[in-house]
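Contents: one structure, followed by commentary.
The values are calculated or read from the model by the stated rules, or taken from the named source; none is laboratory data. As the structure is a computational prediction, the values presented were derived from the model and not from experiment. Heads up, the Cβs are rebuilt from the backbone with ideal geometry, glycines too, and the neighbour counts pull from every protein chain shown.
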Amino acid sequence: MQKLPRFSRHLLILPLLLTLAGCNLVVMSPSGDIAIQQRDLIIVSTVLMLLIIVPVIFLIFFFAWRYRRSNTTATYDPEWHHSTRLEVIIWSAPLAIIIALGAITWISTHKLDPFRPLDRIDAERAVPADAKPLTVEVVALDWKWLFFYPELGIATVNEMAAPVDVPISFRITSSSVMNSFYVPALAGQIYAMPGMETRLHAVINEEGVFDGFSANYSGAGFSHMRFKFHGVNQQGFDQWVAQIKEKGTALNRDTYLKLERPSEREPVRYFSSVDKDLFDAILNMCAAPGKMCMNEMMHIDRMGGGGKESAENREKLRYDDRHLGGMHPVAGEGSGAEEVKPEEATPAGAEGGSGTQGAPATQGAPGAQDMQHDGHAMPGMDHGTGGAAAPAQPDNN
């Protein structure tokens, strides 16, 4: 069979490229003001860089054509080595672009700081002085998302909603491994880390259903770690909350510990009531019975630590060791563990990212509080057990 000419083979690719025209480039057409500002930053930065890239590419082809061997009219000067005029052009244009990019980056870095509360609803409306943000607490689990609405006393799995034009204040953490919370239509991705809290302030300006997902590989179920974000009017949001309170179940510590276990393609779940301080317990890595909270540990360290008695806290600081040696924590049995059969145990690493997380360092550990960020305080440092014994650094190997 005769092979197609190379040019004809290239033409066959064109229909495939045309199918991309139907793609939803949500990053370049977002529905939230923060994401819109980030999109504008991408466009401005790209245009500024093209101001130097396009002329350089053009000149490469122009010089190749102008000084080709067959062009005898082109000036040939083998002794030429310097031109002040060219040096000024070559250096001044890129320098001006770098200065402009640096200024834009510096301004945007502070203006779009995810820890910074919003000062506007959109380009034409400022945040009202009496506006109260909607607080949403986010927990990245293996492999699903858990959302708390502390002011409403409800929680959901793999679904969240927010009223249009209402500022949203996210508190984000993870139960086991580092992950990344990302709703492209709303704002840029924010990392979720165990034992730490990151923040995000955003607002949705259009009604609709938007995709949210994990943007950081976290194991075997990573590709299915998705959820739906509903942007609705205030009436629709009130109806959504009423539906959860009517159909939801209770989320207590035992229910959470079962939910925390690795699972894929988890269906949407509603919880009409939530145990008090459950999110803070997850954040401080002490949701399981018998565990010492990280803020308690930090308080002990701050008070100078303990003596030989600190060894007794070793087991209280063994975090996320569900897959070590076939041992699995059992809710309601303190810090003990029961042995499970090999076929029931999940091998370390087989669940992709649900392995051992070491206990925090006893000095200067990043706590389960807000990370130090541009002068932001780290609350919770004074909560704890006071004179409790300081633990030794655990060995989870």
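Quick notes on this structure:
- Boolean, Val26 is surrounded by 10 or more Cβ atoms within 10 Å (Cβ to Cβ), under 30 Å from Ile204 (Cα atoms) and either touching a residue at least 24 places away in the same chain (Cβ under 8 Å) or β-branched (Val, Ile, Thr) (or both): yes
- Yes/no for Thr109 being farther than 30 Å from Asp275 by Cα, within 18 Å of the chain's Cα centre (by Cα) and not charged (D, E, K, R): yes
- Selection of helices (runs of 4 or more DSSP H) fully inside the range 236-307 by the criterion of at least 2 residues being over 21 Å from Phe147 (Cβ atoms) returns 294-302.
- The range 263-280, residues that are of a type in the set (Lys, Arg) and without any contact (Cβ under 8 Å) to a residue 60 or more places away in the chain: Arg265, Lys276
- Selected residue [modelled with pLDDT of 60 or more and either surrounded by 10 or more Cβ atoms within 10 Å (Cβ to Cβ) or not small (Gly, Ala, Ser) (or both)] from Phe63, Phe7: Phe63
- Within the range 211-239, being closer than 20 Å to Asp165 by Cα and surrounded by fewer than 20 Cβ atoms within 10 Å (Cβ to Cβ) holds for Asp211, Lys228, His230, Val232, Asn233, Gln234, Gln235, Gly236, Phe237, Asp238, Gln239.
- Flag: Thr135 does not match the condition of being assigned by TED's automatic domain parsing to the domain that holds Ala35 and within 20 Å of Gly188 (Cβ to Cβ).
- The range 232-260, residues that are out of contact with any strand residue (DSSP E or B) (no Cβ under 9 Å at 6 or more places or on another chain) and in contact (Cβ under 8 Å) with a residue 40 or more places away in the chain: Arg253, Asp254, Lys258
- Search result, residues across the range 107-139 that are in contact with a Lys or Arg (Cβ under 8 Å, 6 or more places away or on another chain) and either exposed (fewer than 14 other Cβ atoms within 10 Å of the Cβ) or within 16 Å of Gln37 (Cβ to Cβ) (or both): His110, Pro114, Phe115, Ala126, Val127
- Qualifying residue in the range 259-275 (condition: in the same structural domain as Phe227 (by TED's automatic domain parsing), farther than 27 Å from Thr198 by Cα and modelled with pLDDT of 80 or more): no
- Checked against the criterion of being under 22 Å from Leu186 (Cα atoms), out of contact with any strand residue (DSSP E or B) (no Cβ under 7 Å at 6 or more places or on another chain) and outside any helix (DSSP H, G or I), the range 85-104 contains not a single residue that satisfies it.
- When the range 20-79 is filtered for residues that are β-branched (Val, Ile, Thr) and closer than 26 Å to Ala185 by Cβ, the ones remaining, listed by number, are Val26, Val27, Ile34, Ile36, Ile42, Ile43, Val44, Thr46, Val47.
- Checked against (1) in contact with a strand residue (DSSP E or B) (Cβ under 9 Å, 6 or more places away or on another chain); (2) modelled with pLDDT under 90, Ile34 passes all but a single condition, namely (2).
- Residue in the range 93-106 that is surrounded by 10 or more Cβ atoms within 10 Å (Cβ to Cβ), at pLDDT below 90 and not assigned by TED's automatic domain parsing to the domain that holds Glu206 present: yes
- Members of the range 124-135 found to be of a type in the set (D, E, K, R) and either under 19 Å from Lys258 (Cβ atoms) or part of a loop (DSSP other than H, G, I, E, B) (or both), listed by number: Glu124, Asp130, Lys132
- Evaluation of Arg116 against the conditions (1) in the same structural domain as Asn252 (by TED's automatic domain parsing); (2) closer than 16 Å to Arg199 by Cα shows that the sole unmet condition is (1).
- Tabulated pairs, the range 30-59, first more than 16 Å from Thr105 (Cα to Cα), second of a type in the set (Val, Ile, Thr) and assigned to a loop (DSSP other than H, G, I, E, B), C-beta under 6 angstrom, 6+ apart or interchain: Gly32/Val203; Asp33/Val203
- Selection of the range 111-124 for residues being out of contact with any helix residue (DSSP H, G or I) (no Cβ under 9 Å at 6 or more places or on another chain) and in contact (Cβ under 8 Å) with a residue 40 or more places away in the chain yields Asp113, Phe115, Pro117.
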